[in-house]
Amino acid sequence: MSGLPILVTGATGRLGRLIVERLTATGQPVRVFTRRPDAARKLFGSAVEIAAGDYADGASLAAACGGIGHLLLLSPISAALAVDQIAVADAAVAAGIRRIVKISGSNWTIEPPGNSISGDAHAAVEHHLGTLSIEHVSLRPNAWMQVSLANTIAQALAGHPVLEINPDAGIGYIDARDIAGVAVHQLLAGEVAGKTLNLTGPQVVTPRQVAALLSTALRRPVAIGERASAAAAPDADVEHRAVAQFATLIAAGRAATTTDAVAALLGRAPRGVEAFISEYLAAEAALAGQDP
Ligand SMILES: NC(=O)c1ccc[n+]([C@@H]2O[C@H](COP(=O)([O-])OP(=O)(O)OC[C@H]3O[C@@H](n4cnc5c(N)ncnc54)[C@H](OP(=O)(O)O)[C@@H]3O)[C@@H](O)[C@H]2O)c1
């Protein structure tokens, strides 16, 4: 790594902040791109440089990319995902940035094409990166524990049953901290490990198994049941339509995969679901001042 700052987009979000924390802990200079400089300063203090801007504002992108070595490319699911990320990538190339590490969609949303609006948008960005004369890698993480699994745990804590379209369709959940670990590894490594990396946790678990784990951990039965598959309303926004498509693909077993990519790159097993549930419940209990 050159010692030039790394530009992190999406830095104030769920994954981006984990990446920034890990990068700054290595002593690496970091610049974050945000529409909300005050929120970024609150999150990261003086550990980072802040570049205020918006993906839709080319001048702010050009300014943010000046003097940068590598770029972490992340934006939320939206109708603008492909346009925004391609604009960032082009600004990076124009500024002479040498490497892009992209947070892409889950592999099963991208391949085969045509099943997921967000997967197709990520695929368009990946294709664009392939046309640029710049080193790049797209990380395709499976479903994150901090999103859907955390939501399931919260439901159980509130006394609700676990309801899924297919309670026996497994998911190779990944802990977002491991995605952040791989992203940092690929930003700092001498070279990237491939064009696309499919990242998963260590095992596939079904909602039925999650309910059993929660029953043990909470020392009370957590019921498991089926819910009807619900297509998003025709006028729903892209994010809601994308989430409805994820549920259908997961119910068909498409997320039931594991790879050894995290272990191969980080030299240790990825974090598992049981550990995540224990940590989550311990944190909730600590907040409530009780034993887990
Ligand atoms: N959750 C999953 O299971 C999963 C699985 C695979 C892939 N993914 C991918 O992960 C990504 C979402 O990551 P996340 O959940 O960490 O995102 P997030 O929490 O929604 O954060 C979005 C970030 O994007 C920034 N942003 C949004 N619009 C912007 C704009 N117009 N200009 C500049 N910055 C903008 C926001 O920064 P400011 O508000 O500070 O400007 C914020 O930091 C998506 O691409 C999704 O496809 C998620």
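Within segment 16-62, how many residues turn out to be part of a helix (DSSP H, G or I) and buried (at least 22 other Cβ atoms within 10 Å of the Cβ)?
Going through segment 16-62, the residues part of a helix (DSSP H, G or I) turn out to be 16-25, 37-47, 58-62.
Remaining after also requiring buried (at least 22 other Cβ atoms within 10 Å of the Cβ): 16, 19-20, 23, 40, 61.
Residues meeting the conditions: 6.
Residues ASP168, ASP178: which one is of a type in the set (Asp, Glu) and surrounded by fewer than 17 Cβ atoms within 10 Å (Cβ to Cβ)?
ASP168
Grab the helices (runs of 4 or more DSSP H) fully contained in segment 196-292, keeping just those with 3 or more residues being within 20 Å of the chain's Cα centre (by Cα) and within 21 Å of ILE171 (Cβ to Cβ). Can you show your working first?
On the way: elements: 207-218, 238-251, 261-266, 273-288.
It comes to 238-251, 261-266, 273-288.
Kindly indicate whether ILE68 is without any contact (Cβ under 8 Å) to a residue 24 or more places away in the chain, touching a Lys or Arg at 6+ places or on another chain (Cβ under 8 Å) and either near the ligand (Cβ under 10 Å from one of its atoms) or within 28 Å of VAL192 (Cβ to Cβ) (or both).
No, not satisfied.
What tally of residues in segment 1-15 results from selecting those that are surrounded by 21 or more Cβ atoms within 10 Å (Cβ to Cβ) and more than 15 Å from the ligand (Cβ to nearest atom)?
The qualifying residues number 1.
From the list GLU126, GLU191, which one is assigned to a loop (DSSP other than H, G, I, E, B) and modelled with pLDDT of 95 or more? Step through it out loud before you land on a result.
On the way: GLU126 fails: assigned to a loop (DSSP other than H, G, I, E, B).
GLU191 is the lone residue from the list that is assigned to a loop (DSSP other than H, G, I, E, B) and modelled with pLDDT of 95 or more.
Can you find a residue in segment 241-248 that is in contact with a strand residue (DSSP E or B) (Cβ under 9 Å, 6 or more places away or on another chain), touching a residue at least 40 places away in the same chain (Cβ under 8 Å) and on the phi < 0 side of the Ramachandran plot?
Taking segment 241-248 and keeping what is in contact with a strand residue (DSSP E or B) (Cβ under 9 Å, 6 or more places away or on another chain), we get 247.
After this cut, where a residue has to be touching a residue at least 40 places away in the same chain (Cβ under 8 Å) as well, the list is 247.
From the residues that got through so far, the ones that are on the phi < 0 side of the Ramachandran plot too are 247.
Within segment 241-248 (the criterion being in contact with a strand residue (DSSP E or B) (Cβ under 9 Å, 6 or more places away or on another chain), touching a residue at least 40 places away in the same chain (Cβ under 8 Å) and on the phi < 0 side of the Ramachandran plot), the answer is yes, since at least one residue qualifies.
Please verify whether GLU191 is free of Cβ contacts under 8 Å to residues at least 24 places away in the same chain and among the charged types (D, E, K, R), treating the condition exactly as stated. Steps first, please.
On the way: free of Cβ contacts under 8 Å to residues at least 24 places away in the same chain: no; among the charged types (D, E, K, R): yes.
Here the answer is no, as GLU191 does not meet what is asked.
The values are calculated or read from the model by the stated rules, or taken from the named source; none is laboratory data. Bear in mind that the values here come from a model prediction, so they are computed numbers and not experimental data. Because the Cβ atoms are built from the backbone with ideal geometry, glycine has one as well, and the counts that use them run over all protein chains shown.
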